[in-house]
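So the structure is just underneath, and the comments pick up after that.
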Amino acid sequence: MIDIAELKAEIEAQNLSWTPLEKPIFNIAEGGGGPGAFLGVVMDPQVAMAQVTLARAVESAAFAALPKPPRAIDWRRAREQSNFLTPIRNQGACGACVAFATVAVVESRLAIEHGETDPDLDLSEAGLFFGAGRACAQGWWPENAMGYARTKGLGSEAEFPYPGRDFAAIPVKPVAWVTGWENAGTSDHRRKAIAYRGPVVAVIEVKEDFLYYRSGIYKWATGPFVGWHAIAVVGYDDDRQAWIIKNSWGREWGDDGFGYIAYGACEIEKNVFWDPYVTAVLAAARPATASLVAERPKPKRNTPRKR
C-alpha cells in the first residue's frame, strides 16, 4: 500500500491538483489481483490499437455534420441543470467493470432520449456479465459487451440482482438493447458523441494511487500499474482540461462516485470511446422508465447487492 504522507508529498511536489483519501477505497489484493479485484478489462493491445487507428481515420457522416461541440458538458447538470445519470453502483471484488460501464451508459442514453431526469432506470449488470458466460476473474472487453447487448439485450435488475461474486446465469427477459455503436477515436468525435448523444464507455489504465482519489483533477503521482478498468465518461471540461467519469466503486470513492481525469492521464485516449445506439421496450410509445421500472423503490447500491 502507498504511504498516505508520501502520496500527499508527491502530489504537492508535482503540483498536481487532486486530493487523496486517507486510505484506498479497497485493497487490490482482496480480490485476488488482476481483473478479479474491482477492475476487469481484458485487453488485446493489437486489437485495441487497430480499433483506435481505424476510428481516427474515419468519422461518420452523422457526426461530421454536427456543429462544433461545446467547451464543456456534464450530464449530471445538463439541459437546464438536470441530471440524466442513474445512481452510482458498486461492482465489488469482481471484474465486472465492463458490464457496469456499459449498463451505466445505456441507462443514461435512454434517460436522455426520453427526457427522464433523475432516472431510476435499473438494468441488470449481472444479466449482461454472467449471461455472457463471464466470471469475476476473467474480466471482459467493451466491444464484446456491446455485441452481447445487441444480440441478447439487457434485462431488469429486479429479475437478476447483482450478487457481487461469481453466479450462475439466470434467464432474464430483455427490455433494452444496444442496436449498434460507433468507435470514437478523435478528440472532436468523442466530444460530439458526449455532448450531443450522451455518456460513452471508455477504458483507463489504473495506477495504485487512483484507488486513493477523492476530488480534483486526477493525474498519476506514484504507485505501480494495477490493471485496466472500464468507466462511463459522462462529460468533459475543456477549461479544466479533464474528462468527467462515473465509476463503479460505490459512492465512497471520488466525489460521490464521480471524478475528473486530466486529458491524457490514465491512457484514456489510448483506446476508442464506445458510443452506442440504444432502444428499449415500448420506447416509442412511452418513457423507458415506465416499461423498465416496475413500481419499486429507488435502489441503494453503495455496497454490492446480495440476492
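When 53, 86 are checked against the criterion of being closer than 20 Å to residue 146 by Cβ, out of contact with any strand residue (DSSP E or B) (no Cβ under 8 Å at 6 or more places or on another chain), loosely packed, with under 13 Cβ neighbours inside 10 Å and β-branched (Val, Ile, Thr), a single residue qualifies: 53.
Restricting attention to the range 28-78, the residues that are at pLDDT 85 or above and at positive phi add up to 2. When you scan the range 137-155, do you find a residue that is closer than 30 Å to residue 8 by Cβ and either of a type outside the set (Ser, Thr, Tyr) or assigned to a loop (DSSP other than H, G, I, E, B) (or both), even just one? No: zero hits.
Hey, among 284, 288, which residue is modelled with pLDDT under 95 and crowded, with 24+ Cβ neighbours inside 10 Å?
Within the list 284, 288, the selection yields 288.
Residue 8 meets each of the listed conditions (1) in contact (Cβ under 8 Å) with a residue 60 or more places away in the chain; (2) under 20 Å from residue 226 (Cα atoms) apart from (1). Looking at residue 96, is it buried (at least 22 other Cβ atoms within 10 Å of the Cβ), modelled with pLDDT of 95 or more, farther than 27 Å from residue 26 by Cα and among the small types (Gly, Ala, Ser)? So residue 96 fails the test.
Go through the range 215-249 and give me each residue that's surrounded by fewer than 18 Cβ atoms within 10 Å (Cβ to Cβ) and assigned to a strand (DSSP E or B).
Step one: list which residues in the range 215-249 are surrounded by fewer than 18 Cβ atoms within 10 Å (Cβ to Cβ), which gives 215, 222, 224-225, 237-241.
Selection gives 215, 225, 237.
Just so you know, in the range 104-129 the residues that are part of a helix (DSSP H, G or I) and aliphatic (A, V, I, L, M) include one that is surrounded by the fewest Cβ atoms within 10 Å (Cβ to Cβ), and it is 112.
Working carefully through the options 214, 251, 197, find the one that is touching a residue at least 40 places away in the same chain (Cβ under 8 Å) and more than 25 Å from residue 19 (Cβ to Cβ). Give the derivation first.
Numbers: 214 fails: more than 25 Å from residue 19 (Cβ to Cβ); 251 fails: more than 25 Å from residue 19 (Cβ to Cβ).
Just one listed residue meets the conditions, 197.
Here 142, 163, 171 are screened, and the one residue that is surrounded by fewer than 15 Cβ atoms within 10 Å (Cβ to Cβ) and of a type outside the set (Val, Ile, Thr) is 171. The one condition from (1) in a helix (DSSP H, G or I); (2) touching a helix residue (DSSP H, G or I) at 6+ places or on another chain (Cβ under 8 Å); (3) touching a residue at least 60 places away in the same chain (Cβ under 8 Å) that residue 99 does not meet is (3). A search for C-beta distances below 6 Å between a residue of the range 108-129 that is of a type in the set (Lys, Arg) and any residue that is assigned to a loop (DSSP other than H, G, I, E, B), counting only pairs 6+ apart in sequence or on different chains, returns 109/198.
The values are calculated or read from the model by the stated rules, or taken from the named source; none is laboratory data. What you see is a predicted model, and the numbers here were worked out from it, not measured in a lab. With ideal geometry, Cβ positions are generated from the backbone for all residues, glycine too; neighbour counts draw on all protein chains shown.
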